[in-house]
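Contents: one structure, followed by commentary.
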Amino acid sequence: MSEPLATIFHVSDIHIGEAGVTVKDLKKAISSIEETAASSPSPILLVTGDLTTEGLREEYEGAASVLNEVTIPKVIIPGNHDERNYGSVIFEELFGDRFKTFESDQLAIFAADSAEPDNDSGHVGRVKYNEIRDFFNQAKNKVKIFALHHHLIAVPHTGREHNVVEDAGDVLGVLDGARCSLVLNGHRHVPWMWRLGEMVLYNTGTLLSRRVRGAMTQLHTRVVLSPEQVSFTLCYKNGKERLFAESPLRI
Ligand SMILES: [Fe+2]
Ligand SMILES: [Fe+2]
């Protein structure tokens with residue numbers, strides 16, 4: 001594998017507020033990420049939603065007390081749990097816009113809020129399609145990444161499907177047309193990679209929730225981007241690591 005261009009520490013589904021999920025555990029997980037990031041090329045922290053469980057201020061403040069202290073570049077978007085009880089207002093107060101972009105010499109990230117108040121279903125919306133196309137079209141020669149909370153394709157080992165993004169077909173069409181390289185999301189609490197044509201779609205697991213599925217445990221994913229290649233390493237809560245998948249990556 002050639003020299004890495006960038007490393008994305010992909011965290012999702014923290015679920016502060018759930019019984020047994022503590023701010024102390026979040027601090028420990030993020031400290032370990034920062035330690036690895038210190039020796040990684042162009043590190044970025046990406047958090048794809050469900051920071052909280054009920055979207056309540058006390059949960060948000062617990063998450064923000066750790067995440068907002070991170071000094072490497074970070075991109076944080078909400079998930080369906082964060083928009084319960086109209087929590088999007090508190091998200092914006094503590095973490096800024098619900099839609100974000102990030103660009104460096106190597107990559108361009110468009111991060112979308114796929115959640116809606118008090119609705120567990122995912123949705124991106126036609127009103128955003130041109131913005132996504134324009135952003136990726138001006139990012140030629142960069143790794144183009146679309147991040148969101150919900151999944152665009154159903155994930156195995158997660159039981160019956162009911163939360164694929166409602167406009168998934170149209171969103172996939174927009175992303176493929178704009179030569180998106182990689183989609184990163186969470187929500188299902190199970191890691192999985194799909195390839196759709198030349199596009200790679202990766203679903204990470206939950207950082208801290210007890211609501212894991214089957215034999216899966218809590219984790220985050222280290223996504224290493226190299227010229228024309230990506231690898232996904234599962235970094236478990238207990239400190240162990242496992243290379244999960246690798247794939248060619250289009251620019
Ligand atoms: Fe979740
Ligand atoms: Fe979720």
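Rule-based calculations on the coordinates, nothing more; no lab input. Note that the structure is predicted; figures quoted are calculated from it, not measured. Note that we place each Cβ from the backbone using ideal geometry, even for glycine, and neighbour counts take in every protein chain shown.
Label-to-label distance for ASP134 and ASN68 is 3.0 nm, based on points extended 7 Å past Cα in the beta-carbon direction. When each of the peptides 199-205, 31-37, 144-150 is scored by the mean number of other C-beta atoms lying within 10 Å of its residues, the order from highest to lowest reads 144-150, 199-205, 31-37. FRET efficiency for the LYS24 to GLU161 pair, using the beta carbon distance and R₀ = 35 Å, is estimated at 0.50. Length gained on full extension, GLU198 to VAL127: 23.0 nm, using 0.36 nm per residue less the C-alpha separation. In terms of surrounding Cβ atoms within a 10 Å radius of their Cβ, CYS235, CYS180 rank from fewest to most as CYS235, CYS180.
Once the C-beta distance of ARG210 and ASP105 is scaled by a Förster radius of 35 Å, the resulting FRET efficiency is 0.30 to the nearest 0.05. Judged by the mean number of other Cβ atoms found within 10 Å, the most tightly packed of the peptides 6-12, 207-213 leads the ranking 6-12, 207-213. Normalised by the number of residues in the chain, the average gap of Cα pairs under 8 Å and 6 or more apart makes the relative contact order 20 percent. Spin-label model, ILE251 to GLU116: label points 7 Å out along the Cα-to-beta-carbon direction sit 3.9 nm apart.
Classify the chain as rounded, prolate or oblate from the Cα gyration tensor: take a ≥ b ≥ c as the square roots of its eigenvalues, call it rounded if a/c is under 1.5, otherwise prolate when a/b beats b/c and oblate if not. Here the chain falls in the rounded category. Counting other Cβ atoms within 10 Å as a rough exposure proxy, the listed residues ILE16, ILE72 run ILE72, ILE16 from fewest neighbours to most.
ILE153 sits among other residues whose Cβ lies under 12 Å from its own Cβ, and their net charge, with Lys and Arg +1 and Asp and Glu -1, is +1. Taking every DSSP bridge with both residues inside the stretch 6-248, close to 55 percent are antiparallel. Considering the chain as a Gaussian network with a 10 Å cut-off on Cα pairs, which listed residue, THR221, THR52, THR101, attains the greatest mean-square fluctuation? The residue with the greatest mean-square fluctuation here is THR101. Summarising the label geometry, the points placed 7 Å from Cα in the beta-carbon direction at GLU3 and ALA154 lie 4.5 nm from one another.
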